[in-house]
Amino acid sequence: TWDEELRPKGEGTARKPIVISSYGKGKKPVIDRQDYNKDLAGIRLDDQGGFKIVGLEFNRCMTGIYGEYSAACPTKKFIWIEDCYFHDSLKYGNYRTYPKPRNIGLGICFFSYERKNRIVLTDITVKNCVFRRLASGIWTNSPDNFNKNASNIYNFGNMTLDGCLFEEGYQWQMGLRGVAGGAVRNCVTHDIGRKFRSFNGVAGAMFFRCKG
């Protein structure tokens, strides 16, 4: 168990990714940040692609895996997250001010400012992961979440969610915005919104500015 943020350097490719995983037998290694009210991540990526993250547990992180892609970032490719367990991060602040501050408990978040006619991250897979007792499970996010004038802007491409379980969460367990291409397959959301009230609703999944 570690109470630290892992911030790897460099990047790999789809054929030769940088792998963050476990070895041997036993329980999953745990990144436990102790207090989800603090803006603490488990793994952080900055303008990086070519990572495969497998078989880890993220407990009491405000964000388990957080990737941010800047204005100058060219299109990055390949993030694969599999067999990870994200749990116990129920802080819920005003999402309209995100990421300043980051104030919402998330399993995975990929963040970028609006990039017209340019995808900053593509070929994203989240497979066989469990998201439990989180404000939201997975977000792709930008500051203009519901800007109707930006309806043709897509920051993320080819995103696949496969075989994931979302339960006992607060708001949108799949909060996907600005995604072009991909699929959601064999995912289950249930027992969402217990003892939680939101001015803009609760749902197993929320899709905005997404296209096939």
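Values as computed for the structure displayed
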item	result
Those residues of the stretch 155-166 which are buried (at least 23 other Cβ atoms within 10 Å of the Cβ) and not in a strand (DSSP E or B), in sequence order	N155, C164
Contacts under 6 angstrom Cβ, first residue in the stretch 78-102 being assigned to a loop (DSSP other than H, G, I, E, B), partner polar (S, T, N, Q), 6 or more apart	D83/N128; K91/N37; G93/N103
Exclusive hit being touching a strand residue (DSSP E or B) at 6+ places or on another chain (Cβ under 6 Å) and part of a loop (DSSP other than H, G, I, E, B), set G64, G10, G26, G49	G49
Whichever residue in the stretch 64-96 is small (G, A, S) and over 15 Å from G50 (Cβ atoms) and, among such residues, is farthest from the chain's Cα centre (by Cα)	A72
Verdict on L6 being open to solvent by 10 Å² or more (accessible area, probe 1.4 Å), within 16 Å of the chain's Cα centre (by Cα) and modelled with pLDDT under 95	no
Any hit, the stretch 36-46, residues being assigned to a loop (DSSP other than H, G, I, E, B), surrounded by 13 or more Cβ atoms within 10 Å (Cβ to Cβ) and touching a Phe, Trp or Tyr at 6+ places or on another chain (Cβ under 9 Å)	no
Out of N94, N128, N149, sole residue that is farther than 23 Å from K9 by Cα and at pLDDT 95 or above	N128
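A quick yes/no check of all residues on (1) open to solvent by less than 30 Å² (accessible area, probe 1.4 Å); (2) of a type in the set (G, A, S):
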| position | (1), (2) |
| --- | --- |
| C61 | yes, no |
| I65 | yes, no |
| S89 | yes, yes |
| G93 | yes, yes |
| P99 | yes, no |
| G107 | yes, yes |
| D123 | no, no |
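The values are calculated or read from the model by the stated rules, or taken from the named source; none is laboratory data. Note that this is a predicted model, so its numbers are computed, not measured. Ideal geometry is used to build each Cβ from the backbone, glycine not excepted, and the neighbour counts take in all protein chains shown. With ligands, DNA and RNA removed, areas are computed over all heavy atoms of the protein, side chains included. Shrake-Rupley method; radii C 1.70, N 1.55, O 1.52, S 1.80 Å.
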